[in-house]
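The values are calculated or read from the model by the stated rules, or taken from the named source; none is laboratory data. Just so you know, these numbers come straight off a predicted model, no measurement behind them. Cβ placement follows ideal geometry from the backbone for every residue including glycine, while neighbour counts extend to all protein chains displayed.
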Amino acid sequence: MFRSRYRRILWFFARVILHLVWWDVLLARLGMRALARRTRRERLRRIAVSFRVLAIQMGGVMIKVGQFLSARLDVLPPEITDELAGLQDEVRPESFADIRRVAESELQASLEEKYQDFSPEPVASASIGQVHSAFLRQPASEDEALARVVVKVQRPHIQEIVETDLAALKVVGGWIHRYPPVRKRANVPALLREFSASLSEEIDYLAEGKNAVTFAENFKNRADVRVPRVIWSHTARRALTLEDVGAIKITDYPAIEAAGLDRAEVAARLFDTYLKQIFEDQFFHADPHPGNLFVTPTGSDPDTGRPTWQLTFIDFGMVGRIGPSLFVGLREILVAVGTRDAARLVRGYQALGVILPGADLDLLERASARVFERFWGMTAPDMMRMHPREAVEFVNEFGGLLREMPFQAPENIILLVRCMGILSGMCTGLDPNFNVWVRIAPYARKLIEEEAGGGLQLLLKQLGENLRPLITLPRKTESLLERIEQGKVEVRTPDLRASLVHLEHSLARLAGAIVFAAFLLAAVQVYLAGYLVLAGGLGVGALLSLGWAILRRS
């Protein structure tokens, strides 16, 4: 069972990689780039459909991979993300007999002993386990005097399935990491190790229960946020019993409006809770997909008459923790965005380690400043109404930077990137006019005040930053004069140099393609003349020249 599963995963990704190499590398370099572009959308859609079918059939880690890809609206085309979005809830449930066997083994008692009633029909079915509604037979203590609960029970053999899937993905990651453009921007094996560590924690329901307790403690002074209570007397490593807090799904827009709630207010509260999680608690719910977030109406405000409600979080199997170094970089970026400080934004990128070595930092800073100047404060509809000429002008000015895209993906922020990708889509779905700039600005000011410790210290800090270049100017001038005297001054023209190198490699590939065509034509002619051995030799020469032309690094 597990061996065939392993082979099936490898075979699927091998076919996808070969497909992409054939269409987007081979045909593009042989002069059929237009054909590859014209068919690209439909080809990507078919690939996404195939993966969705595979993930639904296999479950396990494949669902998690699909959920991750569906959230990457920033780097993947809609043909893929749209097809994979349905993976959030589209998982076949296990038989109740298998679920009963796992639950009773973990709880060391029959379901009838632990619960007054246990529904055999699942409320939800996820990749790792499924959820059933139940009623407690008797509370273990006054603190747990709850009646209606939900019970999460893991799927049978999920540990072995996860290990098999991760082993296959490790091989696939090795394949992808061999491709230089990918290897330059991401350490794929390291990303997979981070993903594996997170998944290992997710299949431990005791760890999930502790995460829920930590999250609830962080929000104990926020009546507008709700977290289910953990029933520890009915919880084990593979079975978790929680207070039933289900309400309106956060993407059920008609139900939210029918309850008299403002969707824009829901989006704002959701975003603000994540700013708190990341920049105050340094502990965040890393899987905010629609099945894990609810809106719970609680009545109405006696003073204003407006409806009151809670934002309810469930499923704390996947959480992220912000370490000191990561927090420094994130804080720099938030303050930079809130204050439109392009130089500080680049420093934040450097602190996070997302900029490739050798990147043109000055050009990146100028591009960031232009983005702040043009886009700061705009909503998504505002950007959609922009004249295409503005985009063309930006590309003309920063085309080199856009082509190089000097960013990489460090493994320590994979959960955060995934989380923010999902969060962005959810906030925009709730409120098409959601303005991230307006929501960030107050937090940026708060962090600046905390960082400086008050107005006077902030002023002194800014003066110090402004005076630092003047203080170091004599030393830099002396160093420059010494280099001029020694003839060591070099004028760098990175754009021109890059263009020349690109032209050189393009000519080399063209030569390889010409040689390939010559070998191929000669092989056909010789074969038609009946000289099979010589034709075979010429065919080998054609293949070698074709491979050299394709694989030559640009």
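Just wondering, is there one or more residues in region 295-311 that are within 26 Å of THR214 (Cα to Cα), part of a helix (DSSP H, G or I) and either of a type in the set (S, T, N, Q) or in contact (Cβ under 8 Å) with a residue 60 or more places away in the chain (or both)?
Of region 295-311, the ones within 26 Å of THR214 (Cα to Cα) are 295-298, 308-311.
Okay, now just the ones that are also part of a helix (DSSP H, G or I), so none.
So far as region 295-311 goes, no, none of its residues is within 26 Å of THR214 (Cα to Cα), part of a helix (DSSP H, G or I) and either of a type in the set (S, T, N, Q) or in contact (Cβ under 8 Å) with a residue 60 or more places away in the chain (or both).
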Test of understanding: among ASP89, ASP74, which residue is farther than 26 Å from ARG193 by Cβ and modelled with pLDDT under 80? ASP89
Single condition ASP224 does not satisfy, out of (1) surrounded by fewer than 21 Cβ atoms within 10 Å (Cβ to Cβ); (2) within 21 Å of GLN154 (Cβ to Cβ): (2)
May I ask you to verify whether THR241 is crowded, with 19+ Cβ neighbours inside 10 Å, over 22 Å from ASN435 (Cα atoms) and of a type in the set (Ser, Thr, Tyr)? yes
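Quick one: which helices (runs of 4 or more DSSP H) lie wholly within region 94-204 and hold at least 2 residues that are of a type in the set (Gly, Ala, Ser)? Write out each step before concluding.
Working: elements: 96-107, 111-114, 158-177, 180-185, 188-202.
Output list reads 96-107, 158-177, 188-202.
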Out of all the residues in region 352-375, which are closer than 23 Å to ALA186 by Cα, part of a helix (DSSP H, G or I) and either touching a His at 6+ places or on another chain (Cβ under 6 Å) or of a type in the set (A, V, I, L, M, F, W, C) (or both)? LEU352, LEU361, LEU363, LEU364, ALA367
Top-ranked residue of region 215-229 - restricted to ones that are in contact (Cβ under 8 Å) with a residue 24 or more places away in the chain and assigned to a helix (DSSP H, G or I), ranked as farthest from GLY317 (Cα to Cα): ASN218
Can you say whether ALA212 is surrounded by fewer than 15 Cβ atoms within 10 Å (Cβ to Cβ) and assigned by TED's automatic domain parsing to the domain that holds GLU106, as far as the supplied structure shows? no
Taking the options LEU20, LEU30, LEU10, LEU26, name whichever one is closer than 22 Å to VAL162 by Cα and surrounded by 12 or more Cβ atoms within 10 Å (Cβ to Cβ). LEU10
Filtering region 240-296 down to residues that are in contact with a helix residue (DSSP H, G or I) (Cβ under 6 Å, 6 or more places away or on another chain) and acidic (Asp, Glu) yields ASP281
Is it the case that VAL65 is surrounded by 12 or more Cβ atoms within 10 Å (Cβ to Cβ), modelled with pLDDT of 90 or more and in a helix (DSSP H, G or I)? no
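Can you name the residue in region 315-337 that is within 16 Å of ASN218 (Cβ to Cβ) and in contact with a helix residue (DSSP H, G or I) (Cβ under 7 Å, 6 or more places away or on another chain) and is also surrounded by the most Cβ atoms within 10 Å (Cβ to Cβ) among such residues? Explain how you work it out, then say what you get.
Within region 315-337, the subset within 16 Å of ASN218 (Cβ to Cβ) is 316, 319-322, 327.
Within this subset, residues satisfying the condition of being in contact with a helix residue (DSSP H, G or I) (Cβ under 7 Å, 6 or more places away or on another chain) are 316, 319-320, 322.
Details: PHE316: 27, VAL319: 24, GLY320: 21, ILE322: 21.
Top of the filtered list is PHE316.
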Would you be able to say whether some residue in region 395-412 is over 27 Å from PRO357 (Cβ atoms), modelled with pLDDT of 65 or more and either outside any helix (DSSP H, G or I) or in the same structural domain as ARG183 (by TED's automatic domain parsing) (or both)? no
Going by the conditions given, is ILE256 in contact with a Leu (Cβ under 7 Å, 6 or more places away or on another chain) and among the β-branched types (Val, Ile, Thr)? no
At pLDDT 80 or above, closer than 26 Å to LYS170 by Cβ and assigned to a helix (DSSP H, G or I): does that describe LEU84? no
Report yes if some residue within region 15-32 is closer than 30 Å to SER125 by Cβ, in a helix (DSSP H, G or I) and at pLDDT 85 or above; otherwise report no. yes
So, of the residues in region 284-312 that are among the acidic types (Asp, Glu) and exposed (fewer than 14 other Cβ atoms within 10 Å of the Cβ), which turns out to be farthest from the chain's Cα centre (by Cα)? ASP303
